[in-house]
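**Q** Structure below; questions to follow.
Since every read-out is calculated from the coordinates, none of them should be taken as a lab result. Keep in mind that this is a model prediction, so the values were computed, not measured. Note: ideal-geometry Cβ built from the backbone for every residue, glycine included; neighbour counts use all protein chains shown.
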Amino acid sequence: MPGTVLVGTQWGDEGKGKVTDLLAENYDYVVRFQGGNNAGHTVIHGNTELALHLVPSAIMYDDVIPMIGNGCVIDPRVLVEELGQIHSQGISTDKLRISSNAHVIMPYHLDLDGASEARLGKNQIGTTKRGIGPCYQDKVARIGIRVQDLLDEHIFREKLQTALAEKNDILRKVYGMPTYSVEQICELYLPYAERIRPYVADVSRELNEAIRIGKQVLFEGAQATQLDVDHGTYPFVTSSNCTAGGASVGAGVGPNRIDRVLGVAKAYLTRVGSGPFPTELSDAVGETLARTGGEVGVTTGRARRCGYYDAVLVRYAADVNGLTDLALTKLDVLSALERIKVCTAYRADGTTYKTIPPSQSAFHHAEPVYETLPGWGCDISECRTFADLPREAQEYVHFLEELAGVPVSIVTVGPERSQTIMKGWR
Ligand code: GDP
Ligand code: IMO
Ligand code: MG
């Protein structure tokens, strides 16, 4: 079977970029299917380090075709900048394909993202302020502008006129902000159209033709299960479906083309932005995880909130994504801890929950129920087989496997491509 979906199981930044880059050599296509430049995926190989926001994390391979699917939202300024950055590192981007049906982030989406966050005040989501939510809103409201619209000046002007009639009213009357003219945006965006034109393709058709002749496809998720607009900690989520089902819709292939779903889980837990986080730590352990794990956002530079591994979340991710495998990342960071806690259930309102509580208010004040495991107290970043790991580290992995009900097939012990233990992934 041809398709593997890779998804985040927690609140993002699990190391999806690293795992995608690692697996990409066994695939013919690597496809982003949702999200936009709210993502920040880090790929490190040798002396090359890439911080990717829109381009799939397989761009370093000459014989893998990277694609941006229809489910993504694209800020053309950011895309052009990112392509320039990749070029300057000596990597070709010629083979990139961009769906003509992907939606375009417009300048007013950025303004509205910021303004709506400011209006929410203490209830703000803590978005990346990249215009992601407002762009998806327009897609669903059917006044969005797609990549193919950008390529046809006549249509672009017409659609822009329609969109601006509403957007300018909102900007001016609701938020008291400056408005835009069609001319102003055309001047900015039409040059981007010419930069992007060579990459634009019918991604869904190309993928389906490739699958018919036996090609292998890896669908690279951005964000994560708990940030999914349907399955995450709503409203503290992003505006797309980051779970595995999104791959089918966001790339235009049937669900029966996907036979493996790899969930990426960090060996502890982080979150950027607002929202509940039962295992969050505000003590020295939290600081150690943040420092040792380098937990600073790739996209916004914000400090990530840190906490212990939450097995309830990963078990939930196993269900909603249909996980067949887990990749457990950043195990090396836990070497700094003498004892390691794992949340196996929550307690809220006098009830113990082994699954996510049915009401958001119970989840918001859920207290974690912990099991404590011994640490291993030594550097594991040079381990390359599961047997190389100290016994306590092996036991930690086995414990998480059991709690998730899904095998851990990959363990990573450092940011480099080579710092990986293939434990059963074939
Ligand atoms: P993504 O958004 O899921 O792709 O993850 P990010 O790239 O935002 O964040 C993961 C960070 O951890 C990056 O800086 C990676 O280079 C780094 N990283 C990935 N795997 C490992 C690992 O096994 N150990 C350590 N120490 N760092 C890792
Ligand atoms: P990767 O792919 C972590 C979070 C934001 C905010 C919420 C909504 O690198 O894992 P948005 O700008 O999407 O409307 O913000 O989602 N968020 C992420 N957190 N990693 C990401 O991507 C994220 N993308 C969005 O911090 O809480
Ligand atoms: Mg990230």
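**Q** Report, please, the projected area of the range 187-338 averaged over directions, based on the convex hull of its C-alpha atoms, in nm². Show your work: numbers first, answer last.
**A** Details: hull surface 48.3 nm².
If you wrap the Cα atoms of the range 187-338 in a convex hull and average its projections, you get 12.1 nm².
**Q** List Tyr175, Tyr316, Tyr136, Tyr268 from most exposed to least, where exposure is judged by having the fewest other Cβ atoms within 10 Å.
**A** By the 10 Å Cβ count, ascending, the order reads Tyr175, Tyr316, Tyr136, Tyr268.
**Q** Given that compact globular proteins tend to follow 2.2 N^0.38 Å, what is the ratio of the alpha-carbon Rg of the range 364-409 to that value?
**A** On the way: Rg = 13.2 Å, N = 46, 2.2 N^0.38 = 9.4 Å.
That works out to 1.41 for the range 364-409.
**Q** Within the range 112-130, what residues put their amide N at less than 18 Å from the label point 7 Å along the Cα-to-Cβ vector of Thr179?
**A** What the label zone holds, given the 18 Å backbone N cut-off, is 112.
**Q** For Val80 and Glu49, compute 0.36 nm times the residue count separating them, minus their Cα-Cα distance, and round to one decimal in nm.
**A** 9.3 nm
**Q** For Lys330, which lysines qualify as cross-link partners when the Cα separation must be under 20 Å and same-chain residues fewer than eight apart are set aside?
**A** Those lysines meeting the cut-off are Lys16, Lys18, Lys266, Lys341, Lys423.
**Q** Compute the angle between helix 203-212 and the longest alpha-carbon principal axis of the chain, please, reported from 0 to 90 degrees and rounded to the nearest 10.
**A** Helix 203-212 sits at roughly 50 degrees to that axis.
**Q** Over the range 224-308, what per residue volume does the convex hull of the Cα atoms give, in whole Å³?
**A** Given the Cα convex hull of the range 224-308, per-residue volume reads 114 Å³.
**Q** Still on this structure, please answer the following. Given H placed 1.01 Å from N in the peptide plane, which residues other than close sequence neighbours of Ile65 have an amide H under 5 Å from its amide H?
**A** Amide H neighbours of Ile65, under 5 Å, 5+ apart: Tyr29, Val30.
**Q** Please report, in debye to the nearest 20, how large the charge dipole of the chain is about its Cα centre when each Lys and Arg carries +1 at its beta carbon and each Asp and Glu carries -1 there.
**A** For this selection, approximately 600 debye.
**Q** Can you give me the long-range amide H partners of Val261? Hydrogens built in the peptide plane at 1.01 Å from N, cutoff under 5 Å, separation of 5 or more residues or another chain.
**A** Val5, Thr324, Asp325
**Q** Under the classification rounded if a/c is under 1.5, otherwise prolate if a/b is larger than b/c and oblate if not, where does the range 257-358 fall, given a ≥ b ≥ c as square roots of the Cα gyration tensor eigenvalues?
**A** oblate
**Q** While we're on this one: Given axes a ≥ b ≥ c from the Cα gyration tensor, I'd like to know whether the range 1-109 is rounded (a/c under 1.5), prolate (a/b larger than b/c) or oblate. Walk me through the intermediate numbers first.
**A** Working: a/c = 1.35, a/b = 1.17, b/c = 1.15.
Note, shape of the range 1-109 comes out rounded.
**Q** Between Lys122 and Val140, what is 0.36 nm times their sequence separation minus the Cα-Cα distance? Round to one decimal in nm.
**A** Full extension of this stretch gives 3.8 nm more.
**Q** Add +1 for every Lys or Arg and -1 for every Asp or Glu among the other residues with Cβ under 12 Å from the Cβ of Glu117, and state the total.
**A** Summing Lys/Arg as +1 and Asp/Glu as -1 gives +2.
**Q** Ignoring everything except DSSP H segments at least 4 long, calculate the 222 nm mean residue ellipticity for the chain; use -39,500 (n - 2.57) per segment, divide by total residues, nearest 500.
**A** The helix contribution divided over the chain gives -9500 deg cm²/dmol.
**Q** Helix 182-196 versus the longest principal axis of the chain: what is the Cα-based angle in degrees, 0 to 90, to the nearest 10?
**A** In the chain, helix 182-196 runs at an angle near 60 degrees to the longest axis.
**Q** So, counting K/R as plus one and D/E as minus one, what does the shell of residues with Cβ under 9 Å around Pro278 add up to? Intermediate values should be presented prior to the final figure.
**A** Working: positive: none; negative: Glu280, Asp310, Glu367.
The answer is -3.
**Q** List the GluC sites (Glu not before Pro) within the range 282-391 that DSSP assigns to loop and that have no more than 11 neighbouring Cβ atoms inside 10 Å.
**A** Working: sites: Glu287, Glu295, Glu338, Glu371, Glu382; in loops: Glu295, Glu338, Glu382.
The qualifying sites are Glu338, Glu382.
**Q** Which whole-Hz couplings ³J(HN,Hα) result when phi for each residue of the range 310-327 is put into the Karplus expression 6.51 cos²θ - 1.76 cosθ + 1.60, θ = phi - 60°, listed in order with x for Gly and Pro?
**A** After applying 6.51 cos²θ - 1.76 cosθ + 1.60, I find 10, 6, 5, 5, 6, 5, 5, 4, 4, 6, 6, 9, x, 4, 9, 8, 10, 10 Hz.
**Q** Answer rounded, prolate or oblate for the range 235-275, using the Cα gyration tensor with square roots of eigenvalues a ≥ b ≥ c: rounded when a/c is under 1.5, else prolate when a/b is larger than b/c, else oblate.
**A** oblate
**Q** Place a point 7 Å from Cα of Arg347 in the direction of its Cβ. Which residues in the range 367-402 have their backbone N less than 16 Å from it?
**A** 367-372
**Q** Can you return the lysines within cross-link range of Lys159? Criterion is Cα-Cα under 20 Å, with same-chain partners fewer than 8 residues away left out.
**A** Lys139, Lys167
**Q** Roughly what angle does helix 107-120 make with the longest principal axis of the chain, taking Cα atoms, 0 to 90 degrees, to the nearest 10?
**A** For 107-120 against the chain, the angle is about 50 degrees.
**Q** Give me the net charge of Asp325's neighbourhood, meaning all other residues with Cβ under 13 Å from the Cβ of Asp325; Lys, Arg count +1, Asp, Glu -1.
**A** So the environment of Asp325 carries a net charge of +1.
**Q** A further question follows. Roughly how compact is the range 278-426, stated as its Cα Rg over 2.2 N^0.38 Å to two decimals?
**A** So the range 278-426 has a normalised radius of gyration of 1.07.
**Q** Now a separate question. Just the ratio, please: alpha-carbon radius of gyration of the chain over 2.2 N^0.38 Å, N its number of residues.
**A** Cα Rg divided by the expected 2.2 N^0.38 Å: 0.98.
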